Every structure is written in structure tokens, then in C-alpha cells.
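Reading through the C-alpha cells given below for one structure.
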Amino acid sequence: MEKSFAHLHVHTEFSMLDGAARVKDLVRAVAGDGQPAVAITDHGVMYGVVDFTKAAADAGVKPIIGIEAYVTPGSRFERPPRRQDTRYHMNLLATSETGYQNLMALASRAYLEGFYYKPRMDAELLAEYSEGLVATSGCLGGHVPQLLAPDASSEEGNRDQIRDFDAALEAASMYQDIFGKENYFIEIQNHGIPAQAAIMDDMLSISKRIGAPLLATNDSHYTYADEADAHDVLLCIQTGANKSDADRFKFDSQEFYIKSAREMRALFPEDEFL
């Protein structure tokens, strides 16, 4: 019997103009593949929680509530000039009722206290509400990946950075201290994007250096592979661009869908990553 897999980095229609996955389609897809659970991690919001938990219950799938947070390395109260505003992505997942309550508090205070183009959290806020949460290093827009490949994410304005492995290791250690040794994961992804391949060895090294477990995800933004073009249209609407614009923001591959457990195991074979 093949081992199960659960997608823990998933954007739905509630990641406005960025996620194209309808909640009901999402849970049907994972249930149809025999996946026992699935998370939602929408950008900065928890709007989809009620619809998601109901749909997951109907499909017999365990719902995992999460958020892809925007984290500032400074204070959430700071409002720097736009081009100096640095923020990173971080996935947070609730593992208990306390964690769920803390996730709601974080999302609310990020808007009330940290909103500056995006609802931002900082290390102080994360430490205050860390109980019952699992955190990951995130996608290419995460704090650790950005210190390893600062030009990899064109979505966020993280400018004037250079590759700094020691700083990346220090950042990972800081988050591990906040959430606990067993609750901070080094997230690895493979969408066929060169920047992901370029930092993979560094990410694996950091995982070993600090004793952090690995988490393989697909950062899905749509449910089915044939929805990549529709998702691209959403990005055009979000950024006010035309599909024909040569230098517009777009994803660098068409692999950001809910892959089967078999596809994910093929991308991350145990003999290479464990």
C-alpha cells in the first residue's frame, strides 16, 4: 500500500485574484486521490474557513486550517518608504483549538496593527501567539529562501539583498526558537523553477544544521493542471496587465496544482530527501 500524502500549502478562491481553486473542487480532488487531509493557506486571510471545513466534512477529508502570513523582519508598526518595505511569506498551520484561536488573533492583529499594503506580522506577534501552531519556511518568497535567492520572488518588494547563508541559518533558528523544535519545518518545493533548484542544497543543509524536519509542498493555486491558463488571467486582473505584456508578473511554471500523492512522491523520493 502506498503511503499517503497531504497538501499543506494551498491557495483557494479566497486568495483574492491569486488563488483559482474552488473549495469544493479542492476537497473532491484530494478525496478522489485518497488523501486523508488537506490544508488551506490563503494569503493573509481566513475568509474560507467555514466553507472549507463544511466541504471537507462532506468529503470525508480532515481539514487543516492555516494561513500564508506576511512577515516583516522589522516591526509591524513601521511604515517605511514603499521601495524599502520588506515582507516575507510564512505558512502557519493550526494543530489544536488553541492554535486556531491564535491564528485568528494573528490574522486580526496583522490587519489592525500591521497593515501596510499587506496585513503584516512580526516576530514579536508570532511569539505571542505561537502556541498550537506549526510554521514553515514558506515558498521562494519566504524569509529563509529570500536570503538564499533574493532575486527569486518578483511578487514581493524584497530589494537590495544578497545571498547570505549565515543570515538564512540565523533566520531559520529564530523561527525555530519561536515555534519550538518540532513545530518549525523547512519547506521544499519543486515546480521545475531554476531558483528552487538553486537553493535546494542550502535548504537541506539548514534543515540538518538546526534539526528541523522537512515538508514537501506544491504551493497550489488551482486544483487541476488545465486551470493554469485561467489562473494566469487572474494574475493579469490583479496586476492590471495584459497577457501579451512581455514583462508582466506571472508564475514561472504551470505546476502549481493539486498533484496526486504519487506525483508528489515522485518529485521528492524518500531516498533523496530523508
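Derivation of every value follows stated rules applied to the coordinates shown; laboratory data play no part. In this text, all values refer to a predicted model and were calculated from it rather than measured experimentally. Positions of Cβ are generated from backbone atoms using ideal geometry, with glycine treated the same way; all protein chains shown enter the neighbour counts.
Residue-wise HN-Hα couplings along the stretch 47-62, as the Karplus relation 6.51 cos²θ - 1.76 cosθ + 1.60 with θ = phi - 60° gives them from phi, are 4, x, 4, 5, 4, 5, 5, 5, 5, 5, 4, 5, 8, x, 10, 6 Hz; Gly and Pro carry x. Say we join alpha carbon atoms closer than 10 Å with springs in a Gaussian network model of the chain; which of LEU148, LEU103, LEU204 then has the biggest fluctuation? In this elastic network of the chain, the residue with the biggest mean-square fluctuation among LEU148, LEU103, LEU204 is LEU204. As a calculated quantity, the FRET efficiency between ALA225 and VAL45 at R0 = 30 Å, using C-beta atoms, amounts to about 0.70. Please grab the % of Cα pairs in the chain that end up more than 30 Å from each other. Across the chain, Cα pairs with separations above 30 Å total 24 percent.
The Cα center of the stretch 201-274 and the Cα center of the stretch 1-78 differ in position by 14 Å. Dividing the summed helix terms, -39500 (n - 2.57) for each DSSP H run of n ≥ 4, by the number of residues in the chain produces a 222 nm estimate of -11500 deg cm²/dmol to the nearest 500. Net length available on complete extension from THR239 to PHE77 is 55.7 nm, with 0.36 nm assigned per residue and the Cα-Cα distance removed. Looking at the stretch 158-258, the GluC sites (Glu not before Pro) that sit in a DSSP loop and have at most 11 other Cβ atoms within 10 Å of their own Cβ are GLU182. When the pairs LYS24/LYS62; LYS118/LYS243; LYS62/LYS259; LYS62/LYS250; LYS181/LYS208; LYS3/LYS250 are compared against a 22 Å limit on Cα-Cα distance, LYS118/LYS243; LYS62/LYS250; LYS3/LYS250 fall above it. All other residues whose Cβ lies under 15 angstrom from that of THR217 are scored, Lys and Arg at +1 and Asp and Glu at -1, for a net of -4.
Of the residues TYR184, TYR116, TYR257, which exhibits the maximal mean-square fluctuation in a Gaussian network model of the chain defined by a 10 Å Cα contact cut-off? Judging by the Gaussian network model, the answer is TYR116.
Could you tell me which of MET90, VAL233, VAL23 has its Cα farthest along the dipole of the chain towards the positive end, charges placed at Cβ (Lys, Arg +1; Asp, Glu -1), taken about the Cα centre? The residue sitting farthest along the positive end of the dipole is VAL23. When both bridge partners sit in the stretch 23-243, DSSP labels roughly 40% of those beta bridges antiparallel. Computed 3J(HN,Hα) for the stretch 97-103, one whole-Hz value per residue from the Karplus formula 6.51 cos²θ - 1.76 cosθ + 1.60 where θ = phi - 60°, is 4, 4, x, 5, 4, 5, 5, glycine and proline marked x. For the chain, modelled as a GNM whose springs connect Cα atoms under 10 angstrom apart, the maximal fluctuation among ALA198, ALA135, ALA110 occurs at ALA198.
Candidates ALA107, TYR222, PHE165 compared by Cα position along the dipole of the stretch 23-243: farthest toward the positive end lies ALA107, with charges placed on Cβ. Per-residue Karplus couplings for the stretch 209-220, computed as 6.51 cos²θ - 1.76 cosθ + 1.60 with θ equal to phi - 60°, are listed in order as 5, 9, x, 8, x, 8, 9, 8, 9, 10, 6, 5 Hz, Gly and Pro entered as x.
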